[in-house]
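Right, one structure below, let's go through it.
The values are calculated or read from the model by the stated rules, or taken from the named source; none is laboratory data. Computed from a prediction, not measured in an experiment: that's the story for all the values here. Quick reminder, even Gly has a Cβ in these numbers, built from the backbone with ideal geometry, and neighbours come from all protein chains shown.
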Amino acid sequence: MRRTDPEGHGPVRYGPVLPGDGLPVLPELTAVLSAAADRTVQGPVGGGTDLRDAACGYWTRRGLPTAPDRVAAAPGAPALLVALTAALGGDVLVPRPCAAWWAPYARLLGRPAFHVATPAECGGVPDPYALLETVRRVRAEGGDPRLLVLSVADDPTATVAPPEVLHETVEAAAAEGLHLVSDETWRDTVHTPQATMLLSPAEMLPGRVTVVSDLAGALLPTGWPAAVARFPAGDGGEALHARVLDVLTALDARVAEPVAAAAAYALGEPGPVTARRAASVALHARVARAAHSAVVGAGGLARPPQAGRHLYADLGPLRSALAARGVGDAQELEDFLTSRLGTAAPGGHRFGDDLGALRVRLSTGHLLGGDEEGADLLASARPWELPRVQRALISLTSVLDDLRDDAQRREPPR
């Protein structure tokens with residue numbers, strides 16, 4: 001198929017954004033931000049006392065006791081990852097696929113980013129044996145792997161790493177002397193928390209794990225950039241924290257004071273915030289299940305979604321039907337589905353996957369219609385049955401079913 005906008009392909013600036021929740025901003029958050037709108041003095045690099053104290057409480061409630069002098073805040077998780085990568089030095093290891101924003105920041109600093117295959121059970125965490133082999137190969141070729149970035153609740157695959165798989169990977173990383181950055185942006189969006197055990201690598205290897213969380217995952221709108229990092233205790237964690245603050249200072253990467261006030265309020269998890277989060281997670285879980293059924297029903301492949309606001313689909317089994325439409329790789333699949341669905345559908349190559357693989361991330365937020373139209377979602381007892389949500393799901397199902405029917409017609413007679 002002909003690409004009508006060649007400039008919109010490939011460069012980092014055209015990469016996929018963090019999936020939004022498709023809901024209007026929580027009024028209590030708006031009130032807090034508005035009340036702080038007259039704060040004209042810049043806050044300190046790394047975050048003020050209120051924000052860092054709130055982050056400590058947030059992590060302590062999750063079994064990770066934290067001191068304020070081991071916390072740093074920044075305007076979004078990418079700034080923290082840039083600072084951590086610069087502070088730690090060496091080469092970077094990431095799973096394949098991984099969040100779209102991880103690898104570009106290593107390359108920005110002139111550091112190689114090596115992708116490692118994930119196990120069959122989940123994404124977000126490298127297979128431990130593949131990790132060991134990759135580390136040894138990189139060192140044999142003169143590289144210096146020091147940093148492993150992983151995610152227990154993953155974007156893009158929407159899976160949660162089982163504790164036993166995570167433990168094996170953490171042990172392998174520890175044996176090779178790697179520092180781990182655990183991106184826990186989506187940990188509070190697990191669809192069935194009562195049936196899904198989520199553990200942080202910081203619980204398993206407390207001295208060598210820095211936890212990073214972008215608050216746009218579950219607490220703030222995506223347009224209010226704020227993220228927090230939790231550093232290990234001990235001298236190593238103290239030195240790393242200091243180096244990261246140096247980098248953030250050089251970048252002048254400060255959280256805007258009104259956003260910092262809203263972030264501190266959200267991290268405190270008052271009733272309105274937790275109620276909205278629960279409603280949002282339940283809504284996206286329901287829509288993700290419907291999207292998963294559409295993909296699998298059409299003959300595609302996808303792990304059942306367990307967290308987040310997205311679904312990672314493999315349409316490889318429909319390759320013959322897609323080829324007839326001029327689709328032969330992930331970029332062309334992105335173009336095709338974005339055009340047919342009317343919403344962004346980033347191909348797997350955006351997440352470090354093979355260009356030739358016909359994989360794509362589908363966002364449940366886009367199926368809901370967008371933030372501006374989200375008020376009725378909150379007012380409805382069964383928001384997934386609203387006409388516009390049903391129309392979006394029917395559109396997705398129709399596109400996929402057309403591909404399935406075409407693929408079946410193209411199968412050779414038996």
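Does the stretch 280-288 include one or more residues that are among the basic types (Lys, Arg) and under 20 Å from Pro387 (Cβ atoms)? Yes; the residues of the stretch 280-288 include at least one that is among the basic types (Lys, Arg) and under 20 Å from Pro387 (Cβ atoms). Filtering the stretch 285-309 to residues that are part of a loop (DSSP other than H, G, I, E, B) and under 15 Å from Ala392 (Cβ atoms) leaves only Arg309.
Does any residue of the stretch 44-51 turn out to be assigned by TED's automatic domain parsing to the domain that holds Gly217, of a type in the set (S, T, N, Q) and outside any helix (DSSP H, G or I)? The answer is no, given that none of the residues of the stretch 44-51 is assigned by TED's automatic domain parsing to the domain that holds Gly217, of a type in the set (S, T, N, Q) and outside any helix (DSSP H, G or I). Just the residues that are touching a residue at least 40 places away in the same chain (Cβ under 8 Å) and more than 26 Å from the chain's Cα centre (by Cα), please, taken from the stretch 371-398. Those that are touching a residue at least 40 places away in the same chain (Cβ under 8 Å) and more than 26 Å from the chain's Cα centre (by Cα): none in the stretch 371-398.
With respect to Gly347, is the statement that it is small (Gly, Ala, Ser), within 22 Å of the chain's Cα centre (by Cα) and over 17 Å from Ala290 (Cα atoms) true? Taking the combined requirement at face value, the residue satisfies it. Screening the stretch 102-133 for residues that are in a strand (DSSP E or B) and either without any contact (Cβ under 8 Å) to a residue 40 or more places away in the chain or small (Gly, Ala, Ser) (or both) and picking the one that is surrounded by the most Cβ atoms within 10 Å (Cβ to Cβ) gives Val116. Restrict the check to the stretch 134-146 and report whether at least one residue is surrounded by 17 or more Cβ atoms within 10 Å (Cβ to Cβ), under 30 Å from Ala256 (Cα atoms) and hydroxyl-bearing (Ser, Thr, Tyr). Within the stretch 134-146 (the criterion being surrounded by 17 or more Cβ atoms within 10 Å (Cβ to Cβ), under 30 Å from Ala256 (Cα atoms) and hydroxyl-bearing (Ser, Thr, Tyr)), the answer is no, since none of the residues qualifies. I'm checking my understanding of the structure. Among residues of the stretch 334-362 that are in a strand (DSSP E or B) and free of Cβ contacts under 8 Å to residues at least 60 places away in the same chain, which one is surrounded by the most Cβ atoms within 10 Å (Cβ to Cβ)? The selected residue is Val360. Restricting attention to the stretch 171-217 and to residues that are at pLDDT below 95 and buried (at least 22 other Cβ atoms within 10 Å of the Cβ), the residue that is farthest from the chain's Cα centre (by Cα) turns out to be Ala216. Kindly indicate whether any position in the stretch 251-259 is in contact (Cβ under 8 Å) with a residue 24 or more places away in the chain, surrounded by 21 or more Cβ atoms within 10 Å (Cβ to Cβ) and more than 21 Å from Ala86 (Cβ to Cβ). Checked the stretch 251-259: at least one residue is in contact (Cβ under 8 Å) with a residue 24 or more places away in the chain, surrounded by 21 or more Cβ atoms within 10 Å (Cβ to Cβ) and more than 21 Å from Ala86 (Cβ to Cβ). Residues in the stretch 226-240 that are of a type in the set (Gly, Ala, Ser) and part of a helix (DSSP H, G or I): Gly236, Gly237, Ala239.
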